[in-house]
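K.L.:
Sending over a structure as structure tokens; questions will come in a sec.
The values are calculated or read from the model by the stated rules, or taken from the named source; none is laboratory data. Treat the numbers as computed from the prediction; the structure is a model and nothing was measured. Here the Cβ positions follow ideal geometry from the backbone for every residue, glycine too, while neighbour counts run over all protein chains shown. Ligands, DNA and RNA are excluded from the accessible area calculation, which covers all protein heavy atoms including side chains. Shrake-Rupley method; radii C 1.70, N 1.55, O 1.52, S 1.80 Å.
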Amino acid sequence: MSCGGCAASVKRILENEPQVVSATVNLATEMAVVWAVPEDRAVQDWKLQLGEKLASQLTTCGYKSSQRDSSKVSSQNVFERKMGEKLQNLKQSGRELAVSWALCAVCLLGHISHLFGVNAPLVHLFHSTGFHLSLSIFTFIGPGRRLIIDGIKSLFKGSPNMNTLVGLGALSSFAVSSVAAFIPKLGWKTFFEEPIMLIAFVLLGKNLEQRAKLKAASDMTGLLNILPSKARLMVDNDAEQSSFTEVPCGTLAVGDYMLVLPGDRIPADGLVKAGRSTVDESSLTGEPMPVTKIAGAEVSAGSINLNGKLTVEVRRPGGETVMSDILHLVEEAQTREAPVQRLADKVAGNFTYGVMALSSATFMFWSIFGSQFVPAAIQQGSAMSLALQLSCSVLVIACPCALGLATPTAVLVGTSLGATRGLLLRGGDVLEKFAEVDAIVFDKTGTLTIGKPVVTKVIASHSEGGVNTKDYWNNEWTEGDILSLAAGVESNTNHPLGKAIMEAAQAANCINMKAKDGSFMEEPGSGAVATIGEKQVSVGTLDWIRRHGVVRDPFHEAESFGQSVAYVAVDGTLAGLICFEDKIREDSHQVISALSKQGISVYMLSGDKESAAMNVASVVGIQLDKVISEVKPHEKKKFISELQKEHKLVAMVGDGINDAAALALADVGIAMGGGVGAASDVSSVVLMGNRLSQLVDALELSKETMRTVKQNLWWAFLYNIVGLPVAAGALLPVTGTMLTPSIAGALMGFSSVSVMANSLLLRARMSSRHHVQSRQKPHNTISGVSDGADEVEQSYPSKWRST
């Protein structure tokens, strides 16, 4: 496809097929996606059959096509093959450009020598009409052959494109000059140099456009280039004594062990089995700080092992990596057009026919009325010659390409740039909606907080005064006793609060207690109970321990602590309680403040009790009247719906699991920190770095991308609205200004290149802002992900940590 008209023709051909409901065509990535009628989906291998049929139909219509293998494994190979083809086309375009401009230089040499009055016989030959005629012919059969043949073929097949306009303009100029040369009596002017210069300028524009397209895809190329080609496969899976051999990464299988040395890039996604090191994952998540990896930690292909030797077990076969997932998702995103592009697509679809009609009208007008409007121009030729020249200029100056590239190139750069920074945005439609969002709803746990509760305080019942408790060891419960008993019960559960209790007990070196076999019982949402020694220990909500014999509650103010609380009872007597806090993300307050300054309404939903939710909201800066607590998943969905009824464009930020219904209903669903796995159908945006500040980055990228799209569309429309009348001679009666076909061709090339250049500037604008923000942020010390005990221990008060 060479222009927006081509893309519109391909879309029309596909949608005319009875088996196709709709289709989208991307000019920048040269890819089409179709949606089939439901009846055809019942047929076995329907995708293969329909794909082959549609590809064959497009090839017959002049658009050579093949069915695309859309599997994640092959995405990398397909992308590399397409980039290879583009590089070959660029080389061929470069050769044609060199020959074309050499011919143009020879042509100009004759004019320059004539201008300075050089009378050498050879130079006189360069200026002769016959020599210029031969140069034009050589241009048509040499560098301009592919362009003209493609244009004529497209015309005869009923889908004229930009090459058709250029071809018609060049051939018309040549035909008029030939008639003028062979029939001098007509008094027409010859301009054989026009098709030569026209082809040269058009080829220059195309070459620059191809280079810009390759540059636009350079972010994805860079991501692919970081994947190593070889891996050190361990022979017998023995981390201490095993030898290794180098094998291609594509041959790795699940279960293989590979050795990763300091400085190596990790060859495949896997699990660390031995060793300890820090790993740079910035190419995947955008997080510049290295992450500590120990046994049991997951690693991703393409990340850099910095300072230690790691033994890694392969968890996904060769070729299936997080990187290939990212590439696949970004390619999918680039096939989803932004609604703002639809007007341009409609115009581009009929643009070529409109230009040809305007060219005909220009010829008729100036051939009939030219002598009345511009008598001075007739002195250099006839009205017919002038009319032909102006009609050729109209054909050549028109630029459907700029209309077709305005949105896809900006979306291509925006989504690719986002991927390199750990932001997955699932299409132009998502970018457009996200840029207009005026309300953002946050889930509390795992979004505004880190999603990992830690024990902050243990309170024994005796410390409240006036409460007589039955002794366990020394007639009183200590904080360590309570933690040990609770950990003994919670060792049988996977609940996050239970894990927090166990980690706290381990960090505080509490006595290890175990529940009697068969005595454990758990009720989701309430608590758990088990027999430890001869004592029945219950851990859970106030209602839960009351159901297990507790009558008196000395902690009347516990509900107002602003934290989650678990009660611990022994043999029907309240022993104490354990307070939890889900640590608030360090960047939460900064993000909420940045969103509020942009005029975006910020809400928080939480299933936690009101005091805990209000505590988090007050810390991060969310207005308390915009906090809804103790909500169930279906109630979150209802809240989103109510906001939309108020005509708000709503984004929902959650973990992509418990919030699936709300994420799906929101105009933009944003998943936090789940990596590619969170990029399900309900998540429009995925923040792979698990940093809330990436939300602001994604919003800024969306706004900047849509600003670029609108600039491109304004330029594309304005250029054609102004350029076509000028080429048609609108200024000729007033100022005597007219555009020759060669100048019109140069302007047409400039129009396409300017759209591409503006899209590429998006990368520069975002990079400059990113550097400014990086300099303004304080530098944090590197904190690796250790075995968890150190991190947990740092969260506990020294009051009981030493128990």
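K.L.:
Can you name every residue in the range 351-400 that is of a type in the set (A, V, I, L, M), surrounded by 19 or more Cβ atoms within 10 Å (Cβ to Cβ) and modelled with pLDDT under 75?
P.N.:
Passing the criteria: only 377.
K.L.:
Take the residues in the range 17-58 that are of a type in the set (S, T, N, Q) and loosely packed, with under 12 Cβ neighbours inside 10 Å, then tell me which one is modelled with the highest pLDDT. Working first, answer last.
P.N.:
Here is the first cut: in the range 17-58, the residues of a type in the set (S, T, N, Q) are 19, 22, 24, 26, 29, 44, 49, 56-57.
The next check asks that each one be loosely packed, with under 12 Cβ neighbours inside 10 Å; those that pass are 22, 44.
Numbers: 22: 87, 44: 78.
This residue is 22.
K.L.:
Restricting attention to the range 118-130, does a residue exist that is loosely packed, with under 14 Cβ neighbours inside 10 Å, under 26 Å from residue 60 (Cα atoms) and at pLDDT 75 or above?
P.N.:
Taking every residue of the range 118-130 in turn, none turns out to be loosely packed, with under 14 Cβ neighbours inside 10 Å, under 26 Å from residue 60 (Cα atoms) and at pLDDT 75 or above.
K.L.:
Go through the range 1-16 and report how many residues are part of a loop (DSSP other than H, G, I, E, B) and crowded, with 16+ Cβ neighbours inside 10 Å. First the steps, then the outcome.
P.N.:
Taking the range 1-16 as the starting set, the residues that turn out to be part of a loop (DSSP other than H, G, I, E, B) are 1-3, 16.
This time we only want the ones that are crowded, with 16+ Cβ neighbours inside 10 Å, so: 1-3.
Total satisfying the criteria: 3.
K.L.:
For residue 608, which of the numbered conditions (1) open to solvent by 20 Å² or more (accessible area, probe 1.4 Å); (2) at pLDDT 85 or above fails to hold?
P.N.:
For residue 608, the failing item is (2).
K.L.:
Follow-up question, since we're still on this one. Would you kindly identify the strands (runs of 3 or more DSSP E) lying entirely within the range 506-545 that contain at least 2 residues that are open to solvent by less than 20 Å² (accessible area, probe 1.4 Å) and within 16 Å of residue 577 (Cα to Cα)? Walk me through it before giving the result.
P.N.:
Values: elements: 521-523, 527-532, 535-540.
Answer list for the range 506-545: 527-532, 535-540.
K.L.:
Okay, next question. What tally of residues in the range 173-215 results from selecting those that are open to solvent by 40 Å² or more (accessible area, probe 1.4 Å), of a type outside the set (A, V, I, L, M, F, W, C) and assigned to a helix (DSSP H, G or I)?
P.N.:
Residues in the range 173-215 being open to solvent by 40 Å² or more (accessible area, probe 1.4 Å), of a type outside the set (A, V, I, L, M, F, W, C) and assigned to a helix (DSSP H, G or I): 6 in total.
K.L.:
Answer with yes or no whether residue 600 is within 22 Å of residue 438 (Cβ to Cβ), surrounded by fewer than 19 Cβ atoms within 10 Å (Cβ to Cβ) and β-branched (Val, Ile, Thr). First the steps, then the outcome.
P.N.:
Numbers: within 22 Å of residue 438 (Cβ to Cβ): yes; surrounded by fewer than 19 Cβ atoms within 10 Å (Cβ to Cβ): yes; β-branched (Val, Ile, Thr): yes.
Taking the combined requirement at face value, the residue satisfies it.
K.L.:
Okay, moving on. Pairs under 7 Å by beta carbon, first residue among the charged types (D, E, K, R) and buried (at least 19 other Cβ atoms within 10 Å of the Cβ) in the range 686-707, partner modelled with pLDDT under 90 and not in a helix (DSSP H, G or I), six or more apart or different chains?
P.N.:
Listed by first residue and then by second, the contacts come to 691/287; 691/587; 697/421; 697/423.
K.L.:
To continue, here is another question. If the requirement is being farther than 20 Å from residue 395 by Cβ and of a type in the set (Gly, Ala, Ser), which of these qualifies: 746, 764, 730?
P.N.:
Values: 746 fails: farther than 20 Å from residue 395 by Cβ; 730 fails: farther than 20 Å from residue 395 by Cβ.
Of the residues listed, the single one that is farther than 20 Å from residue 395 by Cβ and of a type in the set (Gly, Ala, Ser) is 764.
K.L.:
Would you please list the contacts, defined by Cβ atoms under 7 Å and residues six or more apart or on different chains, that run from a residue in the range 1-24 that is within 22 Å of residue 41 (Cα to Cα) to a residue that is surrounded by fewer than 24 Cβ atoms within 10 Å (Cβ to Cβ) and of a type in the set (Ser, Thr, Tyr)?
P.N.:
Correct list of pairs: 15/22; 24/335.
K.L.:
Further question: In the range 276-307, how many residues are surrounded by fewer than 20 Cβ atoms within 10 Å (Cβ to Cβ) and part of a helix (DSSP H, G or I)?
P.N.:
Looking only at that region, the number is 1.
K.L.:
Have a look at 68, 81 and point out the one that is surrounded by fewer than 14 Cβ atoms within 10 Å (Cβ to Cβ), modelled with pLDDT under 85 and either in the same structural domain as residue 199 (by the TED database) or touching a Gly at 6+ places or on another chain (Cβ under 8 Å) (or both). First the steps, then the outcome.
P.N.:
Values: 68 fails: surrounded by fewer than 14 Cβ atoms within 10 Å (Cβ to Cβ).
Of 68, 81, the one residue that is surrounded by fewer than 14 Cβ atoms within 10 Å (Cβ to Cβ), modelled with pLDDT under 85 and either in the same structural domain as residue 199 (by the TED database) or touching a Gly at 6+ places or on another chain (Cβ under 8 Å) (or both) is 81.
K.L.:
Moving on. Output the residue which, of all residues in the range 635-648 that are closer than 19 Å to residue 609 by Cβ and not aromatic (Phe, Trp, Tyr), is least open to solvent (accessible area, probe 1.4 Å). Talk me through it step by step, then tell me what you get.
P.N.:
Taking the range 635-648 and keeping what is closer than 19 Å to residue 609 by Cβ, we get 635-636, 639.
From what's left, not aromatic (Phe, Trp, Tyr): 635-636.
Details: 635: 73, 636: 18 Å².
The extreme case among them is 636.
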